[in-house]
Amino acid sequence: VAKKENKRVLLQFGANWCGWCHKLHTLFQTDKNIAAFLKSNYVLVLVDVDKVDGKTHNAKINEKYGDPCRLGLPSLVVLAADGKQLTTQDSGKLEKGDHHDPALVMKFLKEWAPTKPPKH
């Protein structure tokens, strides 16, 4: 889908117990500008890294992308349409007080959005 539609893939590493993960995902859905920008430029994939019985869900995916969970949760990884990893973001740097700052989130999304071919 990402390749066909010239979009990036945004991996959001998180867990059900993570309040900040819920806050970020809610922002992605409820902020109209962010939601529209995400829909136009990204394929969002939630990656559950919760631990159950001492084992981490999706540990191999976390490892594959350089252990973004080491930065805390939620962590964001942007992939090009071909799967190449472009950046890893500590979402703490997108926070302001007790929430994610919509302006900082949008700045991050715009910085890593795909470049669109010129329209003729």
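The values are calculated or read from the model by the stated rules, or taken from the named source; none is laboratory data. Nothing here was measured: the structure is a model prediction, and the numbers come from that model. Counting neighbours? That spans all protein chains shown, and the Cβs are built from the backbone with ideal geometry, glycine included. Only protein heavy atoms, including side chains, enter the accessible area calculation; ligands, DNA and RNA are left aside. Shrake-Rupley method; radii C 1.70, N 1.55, O 1.52, S 1.80 Å.
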Take the residues in segment 81-96 that are among the aliphatic types (A, V, I, L, M) and either open to solvent by 70 Å² or more (accessible area, probe 1.4 Å) or closer than 20 Å to S40 by Cα (or both), then tell me which one is farthest from the chain's Cα centre (by Cα). A81
Which residues, taken from segment 10-30, are open to solvent by 50 Å² or more (accessible area, probe 1.4 Å) and part of a loop (DSSP other than H, G, I, E, B)? N16, W17
Subset tally (residues that are assigned to a strand (DSSP E or B) and over 22 Å from A113 (Cα atoms)) for segment 34-84: 5
Looking at segment 85-120 only, could you name the residues that are part of a strand (DSSP E or B) and under 23 Å from C18 (Cβ atoms)? Q85, T87, T88, Q89, D90, E95, K96, H99, H100
Check N33, N41 and return the single one that is at negative phi, touching a residue at least 12 places away in the same chain (Cβ under 8 Å), among the polar types (S, T, N, Q) and surrounded by 13 or more Cβ atoms within 10 Å (Cβ to Cβ). N41
Taking the options K39, K93, K60, name whichever one is closer than 16 Å to V9 by Cβ and charged (D, E, K, R). K39
